[in-house]
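Below is one structure, written out as structure tokens, with a few remarks after it.
The values are calculated or read from the model by the stated rules, or taken from the named source; none is laboratory data. Not measured: the values here are computed from a predicted model. Cβ atoms come from the backbone with ideal geometry, glycine included; neighbour counts cover every protein chain shown. Only protein heavy atoms, including side chains, enter the accessible area calculation; ligands, DNA and RNA are left aside. Shrake-Rupley method; radii C 1.70, N 1.55, O 1.52, S 1.80 Å.
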Amino acid sequence: MSLEVSIIMGSSSDWETMEHASTILKEFGIQHESVVYSAHRTPDELFTYMKQAQENGVKVYIAGAGLAAHLPGVIASKTLLPVLGVPMAAGALQGMDALLSIVQMPGGIPVGTLGIGKAGAKNAALLAAAMLGIENPEIRKKLQEFREKQKQNVLSSQRIS
Ligand code: RP5
């Protein structure tokens, strides 16, 4: 089966958060890989990797980065595929800088931006699943089951007192 999602993060320190995206993709049986490439420290290697990923059939990129967080925008500049950006809760501003940097792309090169940290990483994977699910009924079914599980969790814990 060919690669469907590529998770790229700016530093191995981002893995603790981005692992949550990988866990969801695993649960859904979506072929993916997680790699570290920095837009400012290893730009050439990033582009070489992206060429490879595209040859391997990748359909969606998830990009996690902190601080000035230009990685998702740089990835978007080099592909027509959808790019989902996840701001890391890092540095003095705990992710506010990354959030604004990723979400405020100038009109023309979009990055679909998720929330800061773990919830953002999870939602990026769920959004990638929804995108792939447009043409893949098996993934759509898994998404439906995931929603159903959440519903049952809420219903079973409804009565607080
Ligand atoms: C960004 O700078 C990374 O995405 C990371 O969130 C942040 C800090 O990186 P390290 O100093 O931990 O390598 O490039």
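Return the residues of the stretch 71-104 that are within 11 Å of the ligand (Cβ to nearest atom) and among the hydroxyl-bearing types (S, T, Y); say none if nothing qualifies. S101, the sole residue that qualifies.
The condition (being buried (at least 16 other Cβ atoms within 10 Å of the Cβ), touching a residue at least 24 places away in the same chain (Cβ under 8 Å), more than 16 Å from the ligand (Cβ to nearest atom) and acidic (D, E)) is satisfied by just one residue among E33, E27: E33. Can you find a residue in the stretch 79-86 that is at pLDDT 95 or above, in a helix (DSSP H, G or I) and farther than 23 Å from A119 by Cβ? Among the residues of the stretch 79-86, not one is at pLDDT 95 or above, in a helix (DSSP H, G or I) and farther than 23 Å from A119 by Cβ, which makes the answer no. Note on the stretch 53-99: residues that are in contact with a His (Cβ under 9 Å, 6 or more places away or on another chain) and without any contact (Cβ under 8 Å) to a residue 12 or more places away in the chain total 0. Evaluate the stretch 124-136: report whether one residue or more is open to solvent by less than 80 Å² (accessible area, probe 1.4 Å) and within 16 Å of the ligand (Cβ to nearest atom). Yes, that holds for at least one residue. E16 meets each of the listed conditions (1) outside any helix (DSSP H, G or I); (2) within 14 Å of the ligand (Cβ to nearest atom); (3) open to solvent by 10 Å² or more (accessible area, probe 1.4 Å) apart from (1).
Residues in the stretch 50-65 that are over 24 Å from I116 (Cα atoms) and either surrounded by fewer than 17 Cβ atoms within 10 Å (Cβ to Cβ) or near the ligand (Cβ under 9 Å from one of its atoms) (or both): K51, Q52, E55, N56, G57.
At pLDDT below 95, assigned to a loop (DSSP other than H, G, I, E, B), closer than 24 Å to G115 by Cβ and within 11 Å of the ligand (Cβ to nearest atom), is that true of A68? Against the criterion (at pLDDT below 95, assigned to a loop (DSSP other than H, G, I, E, B), closer than 24 Å to G115 by Cβ and within 11 Å of the ligand (Cβ to nearest atom)), A68 qualifies.
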